[in-house]
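Structure first, commentary second.
The values are calculated or read from the model by the stated rules, or taken from the named source; none is laboratory data. Here the structure is a predicted model, which means the values were calculated and not measured. Please note: Cβ atoms are built from the backbone with ideal geometry, for glycine as well, and neighbour counts cover all protein chains shown.
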Amino acid sequence: MSDQQSDAEVMRHSLAHIMAYAVQNLWPEARFGVGPVVENGFYYDIEVPGVALTDGDFKRITTEMAKIIKQDVPFERIEMPIDDAIAWAKDAKQPYKEELLNDLKRAGTTVAKDLNSEELGTITEGTSKVDNVSFYKCGDFTDLCRGPHVASTGKVGAHKLTRIAGAYWRGKDTNPQMQRLYGVAFPDKQQLDQYFVMLEEAKKRDHRVLGERLQLFFISQDVGAGLPLLMPRGETIKRQLMDYMREQEEAAGYQYVSTPVLTQRKLYERSGHADYYLENMYATQEDEEGNQFFIKPMNCPHHHMIYEKLVKSYRDLPLRLSEHAGLYRYELSGTLTGLIRMRGPITQNDSHTYVAGDQLKQEFRDVLEMFRDTYAQTGIEDYWFRLSLPDFEKDKFAKESDKWDLAAGVIREVLEESKLPYVEGVGEAAFYGPKLDVQIKNVMGKEDTIATVQIDILVPERMGLTYVNTEGQEERPFVIHKSIMGAFERFMAILLEKTAGNLPVWLAPEQLRVITLNQTDEIVNFAESVVEKAKELGLRVTVDNDNESVGKKIRSAETMKVPYSIVIGGQEVESGEVSPRIRQDMVVVNAPTRHPIDNFLKSIANEAKSRVSKSSL
């Protein structure tokens, strides 16, 4: 850990060492990987030969940790030469620490930065050679570590071990699988208790839980991890989001295109993506002509090819191209999270705008306006922007400071003139230019990126994109990569968690449910006539004509988060009026108890078409 870490992070990292110390006391043959701080807690990757740790072992480990904490054992910092450290790891039978140390010795400070681990120890800065590394000793437990730590084991806060998961050593599935022990920690018990209250609420909002319960999507082991199957209700939500964005973009002058799902390797080599993303691409076998193809992981190189066919001069600019294409990217199995992080199909709300230099600022401003309008329409609030810039000392980008500075300057100017909140993140840029990420906190309080917009200063040159300017000379365009909703699947997951599944009427997969009081022909026929009228108005409606109690049918509609439901009985047939049941979260102002059926249906149809978030009754 660096010296800039907060007190809470120092405490959490110290607890990771205390947990590892406890495991060593219980299983002396344990081998240790890395044990960094994570959001609200810590983990440690551990291998116990011949033993599969389970949640049932938490009590023993926690009891042992309590003993160590009660003893108030000091943390002692030790420095030693790299060769002595390697010898220590070998003698201690810690092969994972030995591997890290050998990597440090072989590749020096460069690999130390790439590994980005808190467990590498302090290295000699200013040279490529690693001379000394640091350890922290706590009683009988010694660990390679940068630190810092609390003064002694008695200085830690309230904590709890939470779960065990499998984790490949250094994140590579060709390496041994270890067991990752997680814990959470806070300065006091009150904050720890509040965290678990929040956790219970978050579980109710978890889009994976809602996805199953609301029959939206599921993941089948027969299909594969990270490859969700959207059911009819889930596909309906996705289609509404896609239709909305297409309407907005076409109204703003974007033209939709369609490109193949398979592409030859040479296109990605030409664009530069093969240099940076090859490990995340799915490749096919070579064909009979020796060509290797990839399943498409991004749209931009294909859109650049279309640009070459459509643009000759400045009169053809700006050119705005959009596509809703299913992309596939290889992600490590341990990182997959429902619709938030998946392998495919990632249906990206993707567009590329090609502009001349004097058009860049206005076009970027228009893009941000579309961001604001879209998020207001979908109920996304409390988001902020992160201006993601390169770290030229670390990143392998081609430095063209004038273009990088120009593009970053345009983004800053538009943000400040629009009075939009933003932070800067060095080292977060795309390889081809600075980008503006839309950040939000998820239900667990963790920061997530919803979507992004980027200014491309590199690929137009790599791919030879040009246009003839007003002086009759060839010039390179700037390219704005825009993805307002990011991946539609991911955006749907975010909306589900933000709303706990209570989607606004225009997005709800089922907007109205008609419930029959009993199954007499008169009531059934009337209910079906209501359904037909609703469908004619464009509403998504179902009828519940099951032989169940009305109470059970009403509870079923509530469980499925249906915005409106009506019960049809003899009184409704006779009067032509209904008393709608309205989902509890929806705001209703001075609504009369009963409504003529035609008026009621027209009202919610207008609500759906206008995409408002409040009830129109």
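Tabulated data for the structure shown
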read-out	value
Subset of the range 49-67 (residues that are β-branched (Val, Ile, Thr), within 21 Å of His13 (Cα to Cα) and touching a strand residue (DSSP E or B) at 6+ places or on another chain (Cβ under 8 Å))	Ile61, Thr62
Hey, Gly464 in contact with a helix residue (DSSP H, G or I) (Cβ under 9 Å, 6 or more places away or on another chain), assigned to a loop (DSSP other than H, G, I, E, B), over 30 Å from Phe364 (Cβ atoms) and not hydrophobic (A, V, I, L, M, F, W, C) or not	no
Residue in the range 391-422 that is farthest from Gly486 (Cα to Cα), counting only those that are modelled with pLDDT of 70 or more and among the hydroxyl-bearing types (Ser, Thr, Tyr)	Ser418
Members of the range 228-247 found to be touching a residue at least 24 places away in the same chain (Cβ under 8 Å) and either farther than 16 Å from His352 by Cβ or not in a helix (DSSP H, G or I) (or both), listed by number	Pro228, Leu230, Pro232, Arg233, Gly234, Thr236, Ile237, Lys238, Gln240, Leu241, Met242, Tyr244
Every pair of residues 6+ apart whose Cβ atoms lie under 6 Å, when the first sits in the range 205-216 and is on the phi > 0 side of the Ramachandran plot while the second is at pLDDT 95 or above and among the hydrophobic types (A, V, I, L, M, F, W, C)	Gln215/Met231
Test for Lys609: is it of a type outside the set (A, V, I, L, M) and surrounded by 17 or more Cβ atoms within 10 Å (Cβ to Cβ)	no
Those residues of the range 1-58 which are touching a Gly at 6+ places or on another chain (Cβ under 7 Å), within 21 Å of Tyr195 (Cα to Cα) and not charged (D, E, K, R), in sequence order	Met11, Leu15, Ala16, Met19, Gly41, Phe42, Tyr43, Tyr44
Residues being farther than 18 Å from Thr335 by Cα, of a type in the set (A, V, I, L, M) and either within 23 Å of the chain's Cα centre (by Cα) or modelled with pLDDT under 90 (or both) - total across the range 167-196	1
Residue match in the range 253-270 (condition: assigned to a helix (DSSP H, G or I), exposed (fewer than 13 other Cβ atoms within 10 Å of the Cβ) and within 25 Å of the chain's Cα centre (by Cα))	no
Checking Arg490 against (1) in a helix (DSSP H, G or I); (2) over 28 Å from the mean Cα position of the chain (by Cα); (3) of a type outside the set (Gly, Ala, Ser), the condition it does not meet	(2)
Residue identified as of a type in the set (A, V, I, L, M) and either assigned to a loop (DSSP other than H, G, I, E, B) or touching a Gly at 6+ places or on another chain (Cβ under 8 Å) (or both) among Ala202, Ala225	Ala225
Contacts under 6 angstrom Cβ, first residue in the range 412-437 being at positive phi, partner of a type outside the set (Gly, Ala, Ser), 6 or more apart	Gly427/Asp391; Gly433/Gln454; Gly433/Ile455; Gly433/Asp456; Gly433/Ile457
Test: residue in the range 21-35 that is part of a helix (DSSP H, G or I), in contact with a Cys (Cβ under 8 Å, 6 or more places away or on another chain) and either at pLDDT 95 or above or aromatic (Phe, Trp, Tyr) (or both)	yes
Subset tally (residues that are under 30 Å from Phe218 (Cα atoms) and either modelled with pLDDT of 95 or more or polar (S, T, N, Q) (or both)) for the range 347-366	4
Those helices (runs of 4 or more DSSP H) lying entirely in the range 63-166 with at least 3 residues at pLDDT 85 or above and out of contact with any Ser or Thr (no Cβ under 8 Å at 6 or more places or on another chain)	82-91, 95-107
For Gly425: the one exception among (1) at pLDDT below 90; (2) under 27 Å from Leu319 (Cα atoms); (3) among the small types (Gly, Ala, Ser)	(2)
From Arg180, Arg146, Arg163, Arg170, residue being among the basic types (Lys, Arg), surrounded by fewer than 16 Cβ atoms within 10 Å (Cβ to Cβ) and assigned by TED's automatic domain parsing to the domain that holds Pro95	Arg163
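Results for (1) in contact with a strand residue (DSSP E or B) (Cβ under 9 Å, 6 or more places away or on another chain); (2) buried (at least 18 other Cβ atoms within 10 Å of the Cβ); (3) not charged (D, E, K, R), shown as yes or no for each residue.
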residue: Leu310; (1), (2), (3): yes, no, yes
residue: Val355; (1), (2), (3): yes, yes, yes
residue: Trp384; (1), (2), (3): yes, no, yes
residue: Asp391; (1), (2), (3): yes, no, no
